[in-house]
1. Among B:139, A:168, rank each residue by its count of other Cβ atoms within 10 Å, from fewest to most, as a rough exposure measure.
2. What full-extension length gain, to one decimal in nm, is calculated for residue A:71 and residue A:191 as 0.36 nm per residue of separation minus the Cα-Cα distance?
3. If each Cα of the range B:148-196 is one equal point scatterer, what is log10 of I(q)/I(0) from the Debye formula at q = 0.15 Å⁻¹?
4. Sticking with the crude label model, points 7 Å out along Cα→Cβ, report the distance from residue B:116 to residue B:156 in nm, one decimal please.
5. Counting only C-alpha contacts under 8 Å and six or more residues apart, can you give the relative contact order of the range A:214-290 as a whole percent?
6. Which parts of the range A:77-93 would a label at residue A:102 reach, counting a residue when its backbone N lies under 14 Å from a point 7 Å out along Cα-to-Cβ?
7. Once R0 is set to 25 Å, what does the formula 1/(1 + (r/R0)^6) return for the Cβ-Cβ distance between residue B:47 and residue A:216, expressed as a FRET efficiency to the nearest 0.05?
8. How do B:126, A:134, B:155 rank when sorted from fewest to most other Cβ atoms within 10 Å of their own Cβ?
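Only the coordinates and a few stated rules stand behind these numbers; no lab work does. Predicted model, so just to flag it, every value in this text is computed and none were measured. So basically every Cβ, Gly included, is an ideal-geometry build from the backbone, and we count neighbours across all protein chains shown.
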């Protein structure tokens with residue numbers, strides 16, 4: 001934790017230094033009319049870096065989507081995340097999908113995580129697919145990709161670069177037993193309902209979501225992976241969403257999602273993990289009053 | 001009440017930020033161990049390493065430009081978690097300082113004799129047997145592995161050992177990283193063990 005907090009200070013200092021350096025460098029270059037030409041060594045390094053990241057994305061893309069075409073989009077999905085995360089094991093991600101009625105599902109991929117496929121969220125008729133928020137672990141400076149699947153079966157992607165590292169292996173700072181206390185407890189909170197508007201809901205599940213990459217510093221054993229691999233949310237007889245998760249989801253998962261206005265019946269959440277844990281809770285949604 | 005809590009949290013955060021401004025400025029003063037550190041490998045590290053030079057990114061940049069040092073990355077490798085389904089893509093990629101030689105966990109303590117001997121042999125190869133050649137050991141912030149790796153070389157009589165505690169995180173603040181494979185001799189030893 002302290003390490004994660006410490007970084008921004010270091011970073012800010014480095015940032016100020018690099019801005020100063022850039023300004024000092026740029027001034028004489030600008031007068032020479034060459035301000036936009038970076039030094040050859042740096043240019044080569046940066047483009048190698050980009051090429052390498054692109055190659056990795058292509059590899060991941062193939063492993064998840066096979067040969068299906070994925071088109072870049074600025075309008076169907078947007079990824080919001082802090083450019084520099086305070087805590088690499090708790091990086092907040094917001095996926096915005098303005099053309100929500102076209103959206104059937106969204107995939108979240110953290111390119112440089114060793115297990116890059118963080119989540120797949122499929123929306124049902126009970127969902128408002130305009131926005132999803134969740135918190136993830138980020139192992140290294142990485143592109144984060146969101147791939148939207150439209151109702152007519154097309155794929156669209158967008159990406160965002162995030163600076164954080166060490167999130168997958170960061171220990172929770174407590175014993176495994178303590179981290180597992182109350183496992184499966186849930187809360188579902190609702191934003192104030194307004195007539196005819198989607199209702200924003202926040203699901204909180206107590207679960208350590210052990211990544212399998214966290215080492216016990218005393219015994220030097222790895223805590224075995226134990227993570228929520230499925231969350232199914234329904235309202236009455238309608239599916240709201242189904243989330244397939246992975247070790248990249250942060251401990252004690254928190255997921256924000258939208259409910260279609262005018263839904264009826266209790267909201268049921270069923271969460272299961274990779275070690276046959278299964279928890280089911282039912283919640284009453286508020287109804288909008290005029 | 002909530003605002004007060006927030007204020008307390010903010011103050012706490014500010015304190016932590018002040019206290020932990022850099023890897024060399026641990027909030028607690030960690031004394032150098034007597035020889036190799038055998039305690040938990042992750043945690044606050046000392047600000048010094050006797051017999052070696054502790055360097056920041058500026059000093060590393062200067063050293064690379066001037067002396068083409070041997071760069072030794074001793075970070076742990078990502079291990080596939082037990083219980084991860086076979087159909088999940090598992091694509092670990094180790095990003096590091098371009099040109100570095102990666103011997104995963106070579107800073108471990110205790111290190112079995114075969115690995116210790118191979119580590120020293122690889123460094124001897126990489127330095128061309130010149131114990132006066134500049135060497136830099138690194139991994140991540142708050143990682144004892146690189147401290148230990150540097151210490152091992154000091155104890156072997158290397159005279160220009162450098163420890164870069166900011167590690168890969170410090171490097172990637174300023175420069176691109178690149179995906180590097182593990183040193184092949186190092187991997188071969190690990191694979192040989194697995195077959196036994």
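1. Working: B:139 30, A:168 25.
Ascending Cβ contact count within 10 Å gives the list A:168, B:139.
2. Additional length available on full extension: 39.8 nm.
3. Evaluating at q = 0.15 Å⁻¹ gives log10 I(q)/I(0) of -0.71.
4. Each label point lies 7 Å from its Cα, and together they span 1.2 nm.
5. Values: 108 pairs, mean separation 22.9, N = 77.
Computed over the range A:214-290, the figure is 30 percent.
6. Only A:77-78 fall inside the zone, counting backbone N under 14 Å.
7. Given R0 = 25 Å and the Cβ-Cβ separation, E is 0.40.
8. B:155, B:126, A:134
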